[in-house]
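Here's the structure, in structure tokens; my notes come after.
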Amino acid sequence: MTLQSALTACCLMLIGAGLYFIPDAVAESVRGTVTDILRPGYQLVHVSLHTLIRRESAVAGQDASVEIAELQAALVEEQERARALETQLAMLTERMGADQQVPARRSQPSRLITRSLVDVAVLGDTLADQWRAGKLLDLGAKNGLRENEQVMAPRKTQKQLLDQGEGAEISTEDAMLLGRCVIGKVEHVGRWTSTFQLVTDANYRGRAQLIREASNGSYVFEAHGILKGQGGPLCRLDGIPAESSVRVGDAVYTADRDGTQPIPLYYGKVIEARLETDDREWTVLVKPVDLPNPLTTVHVLRSAVNLERVVAK
Amino acid sequence: MMLRHLAIASLIYVALVLQPGLPVELSMAGARPWIPGMALVLCLMLAEGSASLIWVSILGLGVDCLSGERLGVHIVVATAVAAGLQVFQSSSRFVRPAAVSIAVLTGTFFWKFAVTALHALLAHRTLDWPSVATAASGDAVYTAVLVLLVLIVSRAAWASIFPERLAQFSILNRWSRLTSD
């Protein structure tokens, strides 16, 4: 450090010390001038930081929404798997008892009636209205190209249509599924389209049974009843006698099981079960599965005659 | 020469603009980077002798204006710290990242510590010296580490982009040291 530098340092420090004692008005004036000089820089930094933070939070938000969607999809998949395991366990438990009594039969003849799933699109309100109004296809009864009247009849409560009918071998009462869950059934079948009832519709009726997790971790079939839609978000499960047991959280599955359809399908979950002292039946409320909005595609579980068996004879 | 002073003026301006706008997220255990401390060392590196001290006192005036306290304390302290670092600089030039980082560490610590102490003394307040020293050392370490990281990364990036230029610089630097001594 040179002498000149040392002297300069001393002078500058003296100036600084002198500034400490200047009147407030002068100090404020100096402060204001410096702040004014720095103001454009502050604004630039402020705007840049805000833009950066906004962009980062937008990216983080996108990431979060993608992650939520993935987690929801994984959850739905796991729920499906759990339900499948529930039913399999219940069936295995049931079959274990039967196998102990009856000797096993090992031949596997092909079934006369086969069940299969058909992918069906749900027509939106506008398309359904246009179809019913004959705007899409109206060649008239003379040509034999006319849709079933029951399907074409406009209903206030049910506007939507399925885009498959007799051609896809769909029948009335065929179950309408979303994954492994029953969400309704086919009501009327036309040549090309069909109408359907959701489980929540007031006229919906379907046989149902309860499945419950036992204390040892296995699942067992419980009481049977009739699932009725009420025109609201919940369904009722009627016909369960007082001597049966019902618990909140019991799973409700279809009861229309036979040799062709051995696996029950999921309706929903018991959310309320009441039994008053004088009641002969339980009052059970069931929450069906949530439907996506809009409902675009579903499966219809159809029953068809096994043509191989018929032709072979 | 003119360009160098323009660069120093811009540097001081940027330092004064950035310091109040530092995001809270940058704070670590109560410590924040002290950008004027970095600017002080850069002033010493870019200018020489009295010129660097004048620039540092201008930087001190800017910090004084931003602090809201009475003017002058930062000018006195920054000039004193710069004068002290000039002595240190004459024996060890601020070329290597470690040397620059140590200069920033020392400069920031003494600046922060002395300003707090002076304000307390002038206002006749009692001071908890250990806590003031801890706070000043926290800021100083944070700033020095930040400078060290920036220098190392920028050197590595520079070396990967222009490997031949880095070699030239090191030779030139050695030559200037030989001729200046």
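The values are calculated or read from the model by the stated rules, or taken from the named source; none is laboratory data. Quick caveat, the model's predicted, so the values are computed rather than measured. Positions of Cβ are generated from backbone atoms using ideal geometry, with glycine treated the same way; all protein chains shown enter the neighbour counts. Keep in mind that these areas ignore ligands, DNA and RNA; they rest on the heavy atoms of the full protein, side chains included. Shrake-Rupley method; radii C 1.70, N 1.55, O 1.52, S 1.80 Å.
Of all residues in the range B:84-109, those satisfying the criterion of being away from every other protein chain (no Cβ under 14 Å), in a helix (DSSP H, G or I), open to solvent by 40 Å² or more (accessible area, probe 1.4 Å) and without any contact (Cβ under 8 Å) to a residue 40 or more places away in the chain are B:Leu105, B:Thr106, B:Phe109.
Restricting A:Val311, A:Val286, A:Val220 to those that are surrounded by 14 or more Cβ atoms within 10 Å (Cβ to Cβ) and within 28 Å of A:Arg111 (Cα to Cα) reduces the list to A:Val220.
In the range A:1-17, which residues are in a helix (DSSP H, G or I) and surrounded by 15 or more Cβ atoms within 10 Å (Cβ to Cβ)?
Quick first cut of the range A:1-17, residues in a helix (DSSP H, G or I) only: A:3-17.
A:Ser5, A:Ala6, A:Thr8, A:Ala9, A:Cys11, A:Leu12, A:Met13, A:Ile15, A:Gly16, listed by residue number.
Among the residues of the range B:7-19, those that are surrounded by 15 or more Cβ atoms within 10 Å (Cβ to Cβ) and either within 19 Å of B:Ser67 (Cβ to Cβ) or more than 12 Å from the chain's Cα centre (by Cα) (or both) comprise B:Ile8, B:Ile12, B:Tyr13, B:Ala15, B:Leu16, B:Val17, B:Leu18, B:Gln19. Taking the criterion of being facing chain A (nearest Cβ under 7 Å), in a helix (DSSP H, G or I) and open to solvent by 20 Å² or more (accessible area, probe 1.4 Å), no residue of the range B:62-71 qualifies.
Taking the range A:273-313, which residues are among the small types (Gly, Ala, Ser) and under 26 Å from A:Ala251 (Cα atoms)?
Start the filter on the range A:273-313 by keeping residues that are among the small types (Gly, Ala, Ser), which leaves A:273, A:303-304, A:312.
Of everything in the range A:273-313, those that are among the small types (Gly, Ala, Ser) and under 26 Å from A:Ala251 (Cα atoms) turn out to be A:Ala273, A:Ser303.
Within the range B:33-57, restricting attention to residues that are facing another protein chain (nearest Cβ under 9 Å) and open to solvent by less than 30 Å² (accessible area, probe 1.4 Å), the residue that is modelled with the lowest pLDDT is B:Gly49. Do the conditions hold for A:Ile53, that is, is it at the interface with chain B (Cβ under 9 Å from one of its Cβ atoms), outside any helix (DSSP H, G or I) and farther than 24 Å from B:Leu44 by Cβ? The answer is no for A:Ile53. Here B:His74 fulfils each of the conditions (1) open to solvent by 10 Å² or more (accessible area, probe 1.4 Å); (2) more than 10 Å from chain A (Cβ to nearest Cβ) apart from (2). Selection of the range A:19-35 for residues being more than 7 Å from chain B (Cβ to nearest Cβ) and in a helix (DSSP H, G or I) yields A:Asp24, A:Ala25, A:Val26, A:Glu28, A:Ser29, A:Gly32, A:Thr33.
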